[in-house]
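A short worksheet on the structure shown next.
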Amino acid sequence: MDKRLIYKMVQNCLKQYMEEPSSLKMDSDAFAEIYIKIKTSQNEDLDSDLNEIIDDVVYGYVTDSPYF
């Protein structure tokens, strides 16, 4: 999956949580960590919907979940 597409999807997801999407830059360490978690989750469960994976990972990021 294209990294830029996932970046745009993460930005859209951040809007749901009233986060400013521009606060997360594509070349930031935070996005790199989010991207790795998304790709890992996607590889672990090939049947999962990408939107659901992104929503779960972004939720963990926004809420500062210990599971993030």
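Residue by residue through segment 9-51, note down the ones that are among the aliphatic types (A, V, I, L, M), surrounded by fewer than 11 Cβ atoms within 10 Å (Cβ to Cβ) and within 19 Å of Thr63 (Cβ to Cβ).
Narrowing segment 9-51 to residues among the aliphatic types (A, V, I, L, M): 9-10, 14, 18, 24, 26, 30, 32, 34, 36, 38, 46, 50.
Then drop every residue that is not surrounded by fewer than 11 Cβ atoms within 10 Å (Cβ to Cβ), which leaves 18, 46.
Across segment 9-51, the qualifying residue is only Met18.
Among what's in segment 52-68 and is open to solvent by 90 Å² or more (accessible area, probe 1.4 Å) and among the aromatic types (Phe, Trp, Tyr), pick the residue that is nearest to Leu14 (Cα to Cα).
Taking segment 52-68 first, the residues open to solvent by 90 Å² or more (accessible area, probe 1.4 Å) are 52, 56, 59, 64, 66-67.
Next, from what is left, pick out any that are among the aromatic types (Phe, Trp, Tyr): 59, 67.
Values: Tyr59: 8, Tyr67: 18 Å.
Within segment 52-68, the match that is nearest to Leu14 (Cα to Cα) is Tyr59.
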Take the residues in segment 9-48 that are among the charged types (D, E, K, R) and in a loop (DSSP other than H, G, I, E, B), then tell me which one is nearest to Ser65 (Cα to Cα).
Glu19
Which numbered condition trips up Ile6, out of (1) assigned to a helix (DSSP H, G or I); (2) open to solvent by 50 Å² or more (accessible area, probe 1.4 Å)?
(2)
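The values are calculated or read from the model by the stated rules, or taken from the named source; none is laboratory data. Source: prediction; values computed, not measured. For neighbour counting, all protein chains shown are included, and Cβ atoms are generated from backbone atoms with ideal geometry for every residue, glycine included. For the accessible areas, the whole protein counts, side chains as well, though only heavy atoms, and no ligand, DNA or RNA atoms are used. Shrake-Rupley method; radii C 1.70, N 1.55, O 1.52, S 1.80 Å.
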